[in-house]
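The structure appears right after this line, and notes come after that.
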Ligand code: FAD
């Protein structure tokens with residue numbers, strides 16, 4: 001076993017290595033390259049460069065091993081890979097993720113039976129679909145005047161494009177069919193369009209999906225002051241009086257404990273484990289873990305009419321087995337669901353043996369619904385019971401309100417209309433996936449404009465009352481959103497990282513001038 005050196009101190013300690021933590025590392029590497037950054041990740045490295053998406057691993061056995069290695073305490077449990085299997089009603093995780101062993105639903109509540117996490121370098125960002133829509137209408141955080149610029153920067157870090165499937169004819173056809181049903185009366189930015197995706201193509205045509213590796217980029221990898229320690233579980237944020245002063249870390253390979261002093265601490269440990277770590281550290285603002293929200297997900301499948309096999313195979317590109325495009329039906333406040341329409345290479349429902357599927361001709365429709373926010377929806381932590389990492393066990397309290405059920409019913413009606421618009425529906429009726437399926441948990445460390453007890457952090461993501469402690473991830477998003485959240489949470493991380501960079505630069509300048517004065 002290799003012996004690893006833990007630093008005694010750092011300027012910035014970052015907990016977690018998913019896309020939002022990676023955004024801190026990247027912006028700090030660009031703006032203050034002299035700052036010493038130490039990133040601690042509970043799980044193992046599974047891909048190269050560190051944080052790379054598992055879909056970029058060509059060998060299926062290696063890819064499956066990388067997924068297994070990301071499943072933390074759930075590794076080895078059967079996983080589910082299609083909505084068809086979810087419909088069978090089994091409580092199983094998606095490959096690369098694991099579920100809560102217990103505490104996922106309190107008696108008489110809906111709970112989040114399939115709330116999931118990933119433990120690996122790159123976090124869920126090594127397993128995600130890469131859909132990066134911008135929030136619209138009331139999804140947007142209205143007290144951030146610079147939100148558009150932050151989203152531009154998040155697109156740069158994630159490598160977002162709408163061009164990756166530009167040559168494919170089928171998505172264009174799907175969009176035309178959807179547009180005929182949806183676009184009337186919508187302003188142009190809210191019409192049916194290609195989904196912005198975090199992906200690029202190599203010159204040879206091969207797709208490369210963005211993970212935390214792309215967010216970190218060369219500026220982080222080439223930064224001699226940046227260290228990434230995998231298999232390193234942060235057990236506590238240390239405080240010195242009121243301010244954050246470092247982290248206590250357990251080397252998961254040897255079991256040894258290390259204290260690392262830090263001038264700033266950033267916790268980007270996902271929307272369930274970030275509040276857990278704050279709680280375990282005795283940092284317990286009133287809103288911690290509250291306003292938890294998941295996006296109820298309604299699915300349906302349809303089949304394009306009159307697709308000839310030649311056209312479809314051209315759409316996939318030479319030698320590639322890939323879905324031929326993702327289309328977007330944007331959220332509006334009038335229709336509070338976000339449409340992610342994906343073309344599939346296989347049918348999610350069984351078809352007759354003599355009915356072969358032309359790749360890309362099956363259209364999987366998904367509508368994500370915005371939740372009716374409530375402070376009662378929350379993740380609590382039980383100090384008397386330890387989870388498999390030795391941290392206070394999670395207890396989810398979560399209910400769908402009457403307003404949520406109404407939105408879900410409307411989404412069901414809408415998805416049938418969309419399915420009929422694109423072709424011949426394969427399902428008898430739409431299906432509502434179990435709560436937690438969206439993998440988009442938000443609100444648990446939410447941002448607020450002022451410290452009034454309904455938020456955990458400031459517009460710069462600094463935890464109220466705890467100077468030098470920052471939180472990152474989807475938990476920071478305060479609004480009710482239906483769109484995929486990662487672009488937004490990376491944008492919020494950019495703002496926090498700039499703030500830390502500014503403070504570090506000032507203090508580095510001050511210590512330089514102190515040094516000069518002493519000479
Ligand atoms: P994560 O990526 O979850 O990373 C958190 C990391 O923190 C983990 O690696 C974890 O091991 C580590 N950690 C936790 N506790 C500790 C600790 N105490 N000490 C050290 N490390 C710790 N989102 C979208 O926007 N669009 C999509 O299309 C999309 N599709 C998805 C599809 C799938 C199959 C999955 C699994 C997710 C999808 N998501 C999607 C969600 C997306 O992946 C997440 O929003 C994103 O990864 C969140 O980034 P993060 O940095 O906040 O946290």
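Where a number appears in this text, it was derived from the coordinates with a stated rule and is not lab data. All values reported here derive from a predicted model rather than from experimental measurement. Here the Cβ positions follow ideal geometry from the backbone for every residue, glycine too, while neighbour counts run over all protein chains shown.
Tabulated values for the structure
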quantity	calculated
Rounded to whole Å, sorted largest first: equivalent-ellipsoid semi-axes of segment 44-160, Cα gyration tensor	28, 23, 13
Extension reserve of the residue 406-residue 206 stretch, reckoned as 0.36 nm per residue once the Cα distance is removed	67.7 nm
Size of the chain as Cα extents on the principal axes (Å, biggest first)	80, 54, 47
FRET efficiency, residue 222 to residue 181 (Cβ-Cβ, R0 41 Å, nearest 0.05)	0.25
Nitroxide proxy distance, nm - points 7 Å out along Cα→Cβ at residue 305 and residue 9	7.2 nm
For segment 141-180 and segment 219-259, distance of Cα centres in Å	35 Å
Ranked list, fewest to most other Cβ atoms within 10 Å of each Cβ, for 46, 57	57, 46
Where the Cα pairs of segment 389-489 fall when distances are cut into 5 Å bins, in %	2, 10, 14, 16, 16, 15, 10, 7, 5, 3, 1, 0
Nearest 10 degrees, 0 to 90: helix 270-280 Cα axis against the chain principal axis	30 degrees
Residue order, fewest to most surrounding Cβ atoms within 10 angstrom, among 440, 53	440, 53
Label-point separation, residue 64 to residue 284 (7 Å along Cα→Cβ), nm	4.5 nm
With eigenvalues of the C-alpha gyration tensor scaled by 5 and rooted, segment 372-441, Å	36, 15, 8
Angle in degrees between helix 486-518 and the longest Cα principal axis of the chain, rounded to the nearest 10	20 degrees
With Cα atoms, 0 to 90° folded angle of helix 402-422 axis to the chain main axis	50 degrees
Inter-probe distance in nm under a simple model that places probes 7 Å from Cα toward Cβ, at residue 140 and residue 259	4.7 nm
Inter-part distance where segment 197-214 and segment 25-64 are each reduced to a Cα centre, Å	15 Å
P(r) histogram, all alpha-carbon pairs of segment 167-243 included - 5 Å bins from 0, percent	3, 10, 11, 12, 11, 12, 10, 7, 8, 9, 5, 2, 0
Share antiparallel - DSSP beta bridges, the chain, percent rounded to 5	75 percent
Over 26 Å [Cα-Cα, segment 163-298], rounded percent	55 percent
